[in-house]
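Heads up, the thing below is written out as structure tokens.
The values are calculated or read from the model by the stated rules, or taken from the named source; none is laboratory data. Quick caveat: nothing in here was measured; it's all calculated off a predicted structure. Positions of Cβ are generated from backbone atoms using ideal geometry, with glycine treated the same way; all protein chains shown enter the neighbour counts.
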Amino acid sequence: MFDKKKIVIVWFNHDLRVRDNSALTHAVDNFDIIIPVYIHDQSEKFFRATGAASCWWLHHSLKSLEKSLATLGLSLSIFQGQTAAVLRHIVEKTKAEALVYNFSTDKHNPFCRSQISNLLHDLNCQETVFFDQFLYCPDSVHPQNSHYYQVFGAFYRACQLIGSPPAPIPAPNKKKASKTVSDGACSIDDLRLVPRNPDWAAPFSTMWTPGENTALIKADSFCEQGVFSYNRQRDFPCLDASSQLSPHLHFGEISIRTLWHKTNVQLPRCPTIEHEEEVQSYIRQLMWREFYGHLLYHNPHLQTEPMNKTFKKFEWKEIDGTLLKAWKTGNTGYPIIDAGLRQLWQTGWMHNRVRMIVSSFFVKHLRFDWHEGEAWFWDTLVDANLANNVGGWQWIAGCGADAAPYFRIFNPVLQSQKFDVQGTYIKQWVPELKKLSNKYIHAPWEAPRDVLEQALIDLGEDYPYPIVDSDKARKEALLAYEEMKHSKN
């Protein structure tokens with residue numbers, strides 16, 4: 001039997017850390033007995049099941065959290081099943097008087113939150129929610145005549161007027177009594193998040209080390225060095241110029257507040273205006289992440305519906321299974337696109353500039369519905385944050401907030417020539433082209449026969465011809481967009 005001391009459940013979601021975790025700190029400061037819980041819910045009743053690549057990361061992140069909590073004297077209880085049913089079971093078993101958690105756009109849409117709130121009310125269990133996923137509480141940033149901003153520039157300026165986000169809080173420094181719930185609980189291994197036979201995620205471990213400590217080390221390194229060349233180098237996929245912190249942020253191994261303050265503190269240290277602009281550029285990217293999070297918070301339907309309602313009448317092409325497979329596997333015949341999609345499959349991550357090129361090709365050259373591409377990214381990215389993924393795909397399709405204009409269509413060859421000049425990125429991920437000269441590596445079909453022979457390439461056998469004609473597809477896409485604009489139905 002539990003004693004009469006105050007008992008609280010700390011429900012972990014996308015906040016798998018002990019530092020700057022408001023829910024955990026609140027529990028430690030105000031309660032006697034802490035019950036840390038993680039619920040793996042793949043029922044898709046209120047939200048999307050975790051993608052396969054993200055499941056691999058989740059496994060290792062939970063292992064890391066388990067160790068971190070142990071240093072505080074706390075034990076993590078793992079459950080799988082429908083969230084509301086599991087929470088009811090835990091509250092009834094432990095007689096907990098309170099549940100605290102950090103809001104997650106991936107998990108806590110209004111329908112889910114309403115059900116949980118009603119459940120806790122019925123059980124006479126107090127609910128406390130924090131918003132550590134954001135720099136600013138979504139309900140606190142809005143224009144006078146609306147609940148939220150729909151244009152990034154206005155949103156960014158409003159946040160700047162509010163001032164700096166709250167400073168991150170340290171990890172709790174005192175141990176508290178902990179309880180585990182054995183009835184119905186399981187181990188992390190029981191969740192079977194890591195693929196077996198075949199272990200297609202095996203290459204991930206050569207690039208990634210999930211966990212809070214790694215996230216903080218990477219953040220310190222990037223903010224003290226890499227951020228000062230970020231803007232100049234971030235568009236070149238062959239350079240190690242991005243922070244690669246997105247999966248750590250997605251799983252909450254480091255808070256967005258911590259990263260913002262680690263970056264912002266560099267501004268007074270900048271020796272030149274140019275260095276300051278580099279730092280500001282990265283902060284602006286963090287704010288784009290914030291913007292998309294606020295949009296999804298206020299519009300949970302954005303994962304299925306276009307923000308620009310005009311696009312409801314846009315006629316996407318019927319999915320061609322052969323073309324879709326060629327895109328997914330990186331066999332489109334456009335080297336920069338194939339390099340990106342193969343990088344995605346082998347590492348669970350893709351360079352941001354290449355993500356734009358790859359997704360633009362999907363929605364504007366193939367003219368497939370953006371939902372299909374977004375679903376593939378969701379399943380294969382280790383940083384598959386719902387707000388960013390949906391926001392990015394709607395932006396590139398032209399139907400989202402502050403979206404790229406419909407007539408902006410990335411030319412895969414020109415993008416490749418501009419951002420992978422020497423073909424270094426292509427040669428890494430499409431090795432069958434590594435003997436082609438820089439002149440032809442961006443468009444192998446333009447190479448003379450003797451050049452292809454010297455490079456040991458038989459087009460159509462060793463590497464495919466383009467699956468669509470870029471110029472023709474561009475013209476057809478522009479025509480389709482124009483027809484949508486003038487459609488009355």
Residues satisfying the stated conditions in the stretch 184-196, i.e. surrounded by 12 or more Cβ atoms within 10 Å (Cβ to Cβ) and part of a loop (DSSP other than H, G, I, E, B):
GLY184, ALA185, ILE188, ARG192, LEU193, VAL194, PRO195
For the stretch 400-450 the number of residues that are of a type in the set (D, E, K, R), surrounded by fewer than 16 Cβ atoms within 10 Å (Cβ to Cβ) and closer than 14 Å to ARG353 by Cα is 1
Is it the case, given these coordinates, that LEU479 is within 14 Å of ARG367 (Cα to Cα), part of a helix (DSSP H, G or I) and either at pLDDT 95 or above or not charged (D, E, K, R) (or both)?
yes
Within the stretch 153-181, count every residue that is of a type in the set (A, V, I, L, M, F, W, C), modelled with pLDDT under 95 and surrounded by 17 or more Cβ atoms within 10 Å (Cβ to Cβ).
1
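Any idea which of PHE47, PHE79, PHE31 is more than 23 Å from the chain's Cα centre (by Cα), more than 26 Å from ASN173 (Cα to Cα) and of a type outside the set (Asp, Glu)?
That would be PHE79, the only listed residue that is more than 23 Å from the chain's Cα centre (by Cα), more than 26 Å from ASN173 (Cα to Cα) and of a type outside the set (Asp, Glu).
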Filter pass, THR180 being touching a Ser or Thr at 6+ places or on another chain (Cβ under 6 Å) and among the hydroxyl-bearing types (Ser, Thr, Tyr)
yes
Does ASP199 fit the bill of being more than 23 Å from PHE103 (Cα to Cα) and not in a loop (DSSP other than H, G, I, E, B)?
no
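Yes/no per residue for (1) aliphatic (A, V, I, L, M); (2) under 23 Å from ALA397 (Cβ atoms); (3) in contact (Cβ under 8 Å) with a residue 24 or more places away in the chain; (4) in contact with a Gly (Cβ under 8 Å, 6 or more places away or on another chain):
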{"site": "CYS270", "(1), (2), (3), (4)": "no, no, yes, no"}
{"site": "HIS275", "(1), (2), (3), (4)": "no, no, yes, no"}
{"site": "MET287", "(1), (2), (3), (4)": "yes, yes, yes, no"}
{"site": "LEU295", "(1), (2), (3), (4)": "yes, yes, yes, yes"}
{"site": "PRO306", "(1), (2), (3), (4)": "no, yes, yes, yes"}
{"site": "TRP316", "(1), (2), (3), (4)": "no, yes, yes, no"}
Suppose the filter is in a loop (DSSP other than H, G, I, E, B), touching a residue at least 60 places away in the same chain (Cβ under 8 Å), among the charged types (D, E, K, R) and under 22 Å from LEU216 (Cα atoms); does ASP106 pass it?
no
